[in-house]
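Scroll down for the structure; my scribbles are underneath it.
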Amino acid sequence: MKLSGQAKLAGVIGYPVAHSLSPRLHGYWLEYYGIDGAYIPMTVKPQDLAECLRILPKLGFRGCNLTVPHKEAAVALMDEVEEHARRIGAVNTVIIEQDGRLFGRNTDGLGFLENILVNAPAWLPPSGPVTVIGAGGAARAILVALMDAGVPEIRLVNRTAEKAEKLSQELGADVIRVWPWQKRSEALEDITLLVNSTTLGMNGQPPLDLSLDRLPHKAVVNDIVYAPLKTPLLAAAVARGHTVVDGLGMLLYQAVPGFFAWFGQEPEVTDRLRQRVLEGLQ
Ligand code: ATR
C-alpha cells in the first residue's frame with residue numbers, strides 16, 4: 001500500500017463489519033491501480049450512525065459503503081438520495097461531495113444486473129417472466145433492477161406471503177405478481193431467469209427446497225448467496241444443464257461505482273479479483 005499525506009479515504013460502515021469482504025475487494029483495486037488511498041472497515045453501532053456519517057467529511061473522507069444493519073436507516077441521514085436508492089429504500093454507497101454534502105446511492109441492483117448480463121449474455125430482460133425467491137432487503141434492489149431492465153413479469157415467491165405483498169405494493173409495480181410459497185415450483189414454468197434472494201443455501205443454512213422439474217432448459221439460474229459459491233440450487237441447475245450465475249459477481253459489480261467516485265479510476269472486475277476475494281471467504 002502506498003499512502004501519502006494526501007491519501008484518498010473511504011471505507012465500509014457496518015455492525016458487525018468483520019465479515020465484510022469490501023476492504024479486501026477495494027484493497028485489491030487500490031493496490032492494482034497503484035492509488036494513493038485507503039479503504040477501511042468501521043464498526044459503528046446503529047445509534048451512532050448519524051454522528052459518524054456527519055464526521056466523515058470533516059475527516060476528509062470521500063465516502064463510504066454501508067452494510068448491515070445501516071442501509072435503510074441511512075436514507076434519512078443523507079443530504080440527497082438518488083431516485084433509484086429512494087425506490088429501493090436503502091443506501092449502500094455514500095459519496096461525499098466537495099462541499100461535504102452526503103449523496104446516497106444504491107448500487108446493489110446495478111451489481112445484480114451487471115453480474116447476470118456479463119455471465120449470461122444470452123439472457124435478454126424483456127424476453128419473458130422472471131421468478132425471484134425471497135422478499136428481504138436484497139430482493140428489493142433486485143426487483144427494482146429487473147423492473148428497470150424491462151422484465152415483463154416478475155413472479156415473487158416468499159415463505160411469508162404478506163412480506164411479498166407489502167413489497168410489491170411499495171414498489172407499485174404492475175409487473176410483480178406474488179405467488180404462494182406452496183406453488184414455488186409451478187412459478188418456474190416459462191421463465192427465463194430464476195433468482196434466489198433468500199439466505200437458504202448459505203453455509204450453516206438449510207438448502208432452498210425447490211423442484212426444478214418445470215424450469216425451461218434455456219432458463220438462467222442465479223443465487224445471490226456466495227458462501228458457498230456453488231449452492232445446492234446452483235449444483236442442481238448445473239446437473240440439468242442450465243447456465244448458472246453465482247452470487248459473488250453481484251458483490252464485485254456493486255463496488256464499481258463507489259470505487260470510481262472515491263478514487264477516480266473505473267475499476268475492472270477480473271478473475272484475479274474474484275480469486276482474491278474468494279480467498280477472504282476461506
Ligand atoms: P436480506 O436482507 O439478505 O434479503 P432478510 O431481509 O433477512 O435478508 O431476508 C431473508 C429472506 O430469506 C426472506 O425472504 C426470508 O423469508 P421470510 O420473509 O419468510 O422470513 C427468507 N428465508 C430465510 N430463511 C428461510 C427459510 N428457512 N425458509 C424460507 N425462506 C427463508
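Since every read-out is calculated from the coordinates, none of them should be taken as a lab result. Keep in mind that this is a model prediction, so the values were computed, not measured. Glycine also receives a Cβ, built like all others from the backbone with ideal geometry; neighbour counts cover every protein chain displayed.
Taking GLN254, GLN205, GLN169 in turn, the Gaussian network model of the chain (Cα-Cα springs below 10 Å) assigns the largest fluctuation to GLN205. What angle, in degrees between 0 and 90 and rounded to the nearest 10, separates the Cα long axis of helix 22-32 from the longest principal axis of the Cα atoms of the chain? Tilt of helix 22-32: around 60 degrees. Against the main long axis of the alpha-carbon atoms of the chain, helix 49-58 sits at an angle near 50°. In this calculation the C-beta distance from GLN205 to GLN98 is compared with R0 = 45 Å, giving a FRET efficiency of 0.55.
Positive-end ranking of ILE142, PRO207, GLY111 along the dipole of segment 109-249, with charges on Cβ about the Cα centre, is headed by PRO207.
The Rg/Rh ratio for the chain is 0.98, where Rg is the radius of gyration of the alpha carbons and Rh is the Kirkwood radius.
Each of LEU234, GLY100, SER168 was scored by the projection of its Cα onto the charge dipole of the chain, and the greatest displacement toward the positive side belongs to LEU234; charges sit on the C-beta of Lys, Arg, Asp and Glu. For segment 1-116, the spherically averaged projection of the C-alpha convex hull amounts to 7.6 nm². Checking the Cα-Cα distances for LYS8/LYS71; LYS163/LYS218; LYS71/LYS183 against a 25 Å cut-off, the pairs over it are LYS163/LYS218; LYS71/LYS183. D by Stokes-Einstein for segment 109-249, Kirkwood Rh over Cα pairs, 25 °C, 0.890 mPa s: 167 µm²/s.
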